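Asks: My questions will all concern the structure given below.
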Amino acid sequence: MRKILFVAPYPEGLAPSQRLKYEQYYPYFREAGYEITTRSFIDAEFWQTVYKPGNTFRKILFTIKAYFRRIKDLFTLGKYDVVYVHLWVTPIGPPLFEWLFRKFSKRLIYDIDDLIFLKPKSKSNPLINWLKSSNKSIYLMKVADHVITCTPHLDQFVRQFNNKTTDISSTINTIAYRPRKDYSVKEKITLGWSGSHSTSKYVYLLNNVFLKLKEEIDFRLLVIGDREFKMEGIEVIAIPWQESTEVDDLAKIDIGLYPLPDEEWVLGKSGLKALQYMALGIPTIATAIGANYRVIESGVSGFLVNSPEEWLQAIRDLAKNEALRVSIGSKAAERVEQFYSLNANAPVYLRILDKVISNEVNS
């Protein structure tokens, strides 16, 4: 049996960049004859603390323990046919551990999500901002036997260093995400957004749009992932993200919103939130930028907009027209099933694994 070691930043099943990318393909890998082992830098206990402000001493202790785990991992690399690194091996300093993992691995696949080499700032861990190095991701791009990216922009960037790349978007388990049948509005229409504390600031880009919309349409705004979210003058229901209720919570949305700023960082986003809405048959409106252009066929499976006027018009049209919601929502679900489902992309992952291993065998 062929063996894969997944080297991940976060515990299994918790981080969107892992669970909605390669982790959800584990059953397909096992069915194809792969034995899977996962080693995360941040363990379950560290996860409860790492993104909360303060707790500096505890974070330092957890980090030291994590580095010892990585040292231990080094002595096991040789028994795996493929080592699959997601984002980085360790988060701090120069690419020393990345070099060691490359040196002692038979074959190495690098999976990069977002433009992490731009070093976005963490408000909860300012010390880490100073210690982080963008050289880690660049080094892994150069030395990997294959690189898996998630957007056309990111794929083009990686090809400066390595031409063995495959662009695989974040994908959706369409067995769990079933498109809705009923598009009628029982009380008031629900506009919805899902994300995290760090990205909920993007919802405020639509503040003036909501205030104008309120003058003609009675609506509520459902925010999933930031329970402290408020917007003056707008009825907001803010709830925390929970994996166990994620699909049910998203299904409460009548119109999905995916606003993004015009920043380079956004070009590394694969349109995951839009895909989640769309898989549930929720008509979706997104900023016309980056990978959203390939995720949504504007006017067919969703709407791509830029100006406040375009946002207002798209929301207004969908809110007032049930037939339009049905048409856009059903086309969105079909598009996800065809291009962004596990069934559509599992063969792509398996081809990469088989090719990387066969090169090892034939070398």
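Asks: Take the residues in segment 25-53 that are part of a helix (DSSP H, G or I) and at pLDDT 95 or above, then tell me which one is nearest to Gln276 (Cα to Cα).
Replies: Tyr25
Asks: Then there is this: If you check every pair at least six apart or on different chains, which have Cβ atoms under 8 Å apart with a residue in segment 150-169 that is at positive phi first and a residue that is assigned to a strand (DSSP E or B) and of a type in the set (A, V, I, L, M, F, W, C) second?
Replies: As it stands, the answer is none, since no pair meets every condition given.
Asks: Answer yes or no: is there a residue in segment 60-68 that is at pLDDT below 90, more than 29 Å from Ser169 (Cβ to Cβ) and open to solvent by 10 Å² or more (accessible area, probe 1.4 Å).
Replies: Yes: one or more hits.
A quick yes/no check of all residues on (1) open to solvent by less than 10 Å² (accessible area, probe 1.4 Å); (2) touching a helix residue (DSSP H, G or I) at 6+ places or on another chain (Cβ under 9 Å); (3) among the small types (Gly, Ala, Ser); (4) modelled with pLDDT of 95 or more:
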residue	(1), (2), (3), (4)
Ser124	no, yes, yes, no
Asn129	no, no, no, no
Ser137	yes, yes, yes, no
Ile148	yes, yes, no, yes
Thr151	yes, yes, no, no
Thr174	no, yes, no, yes
Arg178	no, yes, no, yes
Leu206	yes, yes, no, yes
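Asks: Another question about this same structure. Is it the case, given these coordinates, that Asn163 is of a type outside the set (D, E, K, R), touching a Pro at 6+ places or on another chain (Cβ under 9 Å) and open to solvent by 50 Å² or more (accessible area, probe 1.4 Å)?
Replies: no
Asks: Next question, about the same structure. Could you tell me which residue of segment 314-333 is nearest to Arg30 (Cα to Cα), considering only residues that are free of Cβ contacts under 8 Å to residues at least 40 places away in the same chain and exposed (fewer than 15 other Cβ atoms within 10 Å of the Cβ)?
Replies: Once the filter is applied, the top-ranked residue is Ala323.
Asks: Could you check, for segment 171-184, whether at least one of its residues is closer than 21 Å to Tyr110 by Cα, assigned to a loop (DSSP other than H, G, I, E, B) and out of contact with any strand residue (DSSP E or B) (no Cβ under 7 Å at 6 or more places or on another chain)?
Replies: No - not one qualifying residue is present in segment 171-184.
Asks: Mind listing just one residue for me: the one in segment 1-37 that is hydroxyl-bearing (Ser, Thr, Tyr) and under 24 Å from Ala344 (Cβ atoms) and, of those, most open to solvent (accessible area, probe 1.4 Å)?
Replies: By that ranking, first place goes to Tyr28.
Asks: Could you list all residues from segment 206-233 that are touching a residue at least 60 places away in the same chain (Cβ under 8 Å) and either assigned to a helix (DSSP H, G or I) or within 19 Å of the chain's Cα centre (by Cα) (or both)?
Replies: Leu206, Asn208, Val209, Lys212, Leu213
Asks: Going through Asp155, Asp182 one at a time, which residue ends up being open to solvent by less than 40 Å² (accessible area, probe 1.4 Å) and of a type in the set (Asp, Glu)?
Replies: Result: Asp155 is the single residue among Asp155, Asp182 that is open to solvent by less than 40 Å² (accessible area, probe 1.4 Å) and of a type in the set (Asp, Glu).
Asks: For segment 69-91, give me the residue count where each residue is open to solvent by 40 Å² or more (accessible area, probe 1.4 Å), farther than 21 Å from Tyr34 by Cα and among the hydrophobic types (A, V, I, L, M, F, W, C).
Replies: 1
Asks: Tally up the residues in segment 283-313 that are surrounded by fewer than 16 Cβ atoms within 10 Å (Cβ to Cβ) and either among the charged types (D, E, K, R) or in a helix (DSSP H, G or I) (or both), please.
Replies: 6
Asks: Is at least one residue of segment 234-243 closer than 17 Å to Leu213 by Cα, modelled with pLDDT of 95 or more and either assigned to a loop (DSSP other than H, G, I, E, B) or under 17 Å from the mean Cα position of the chain (by Cα) (or both)?
Replies: Yes; the residues of segment 234-243 include at least one that is closer than 17 Å to Leu213 by Cα, modelled with pLDDT of 95 or more and either assigned to a loop (DSSP other than H, G, I, E, B) or under 17 Å from the mean Cα position of the chain (by Cα) (or both).
Asks: From Gly329, Gly299, which residue is out of contact with any Asp or Glu (no Cβ under 8 Å at 6 or more places or on another chain) and under 14 Å from Ala274 (Cα atoms)?
Replies: Gly329
Asks: Suppose we keep only residues that are open to solvent by 60 Å² or more (accessible area, probe 1.4 Å) and of a type outside the set (Lys, Arg) within segment 336-355. Which one would you say is nearest to Glu23 (Cα to Cα)?
Replies: Taking the candidates together, the pick is Asn343.
Asks: If Gln48 passes every condition in (1) open to solvent by 70 Å² or more (accessible area, probe 1.4 Å); (2) polar (S, T, N, Q); (3) in contact (Cβ under 8 Å) with a residue 40 or more places away in the chain but one, which one does it miss?
Replies: (3)
Asks: Scan segment 256-276 and give yes if some residue there is open to solvent by less than 10 Å² (accessible area, probe 1.4 Å), more than 18 Å from Ser196 (Cα to Cα) and touching a Pro at 6+ places or on another chain (Cβ under 9 Å), otherwise no.
Replies: For segment 256-276, residues open to solvent by less than 10 Å² (accessible area, probe 1.4 Å), more than 18 Å from Ser196 (Cα to Cα) and touching a Pro at 6+ places or on another chain (Cβ under 9 Å): absent.
Asks: Just give me the residues in segment 97-117 being farther than 18 Å from Glu23 by Cα and at pLDDT below 95, in sequence order.
Replies: Leu115, Ile116, Phe117
Asks: Still on this structure, I have one more. Regarding segment 145-163, can at least one residue be identified that is among the aliphatic types (A, V, I, L, M) and part of a loop (DSSP other than H, G, I, E, B)?
Replies: Taking every residue of segment 145-163 in turn, none turns out to be among the aliphatic types (A, V, I, L, M) and part of a loop (DSSP other than H, G, I, E, B).
The values are calculated or read from the model by the stated rules, or taken from the named source; none is laboratory data. Treat the numbers as computed from the prediction; the structure is a model and nothing was measured. In this analysis, Cβ positions are derived from the backbone assuming ideal geometry, glycine residues included, and neighbour counts consider all displayed protein chains. For the accessible areas, the whole protein counts, side chains as well, though only heavy atoms, and no ligand, DNA or RNA atoms are used. Shrake-Rupley method; radii C 1.70, N 1.55, O 1.52, S 1.80 Å.
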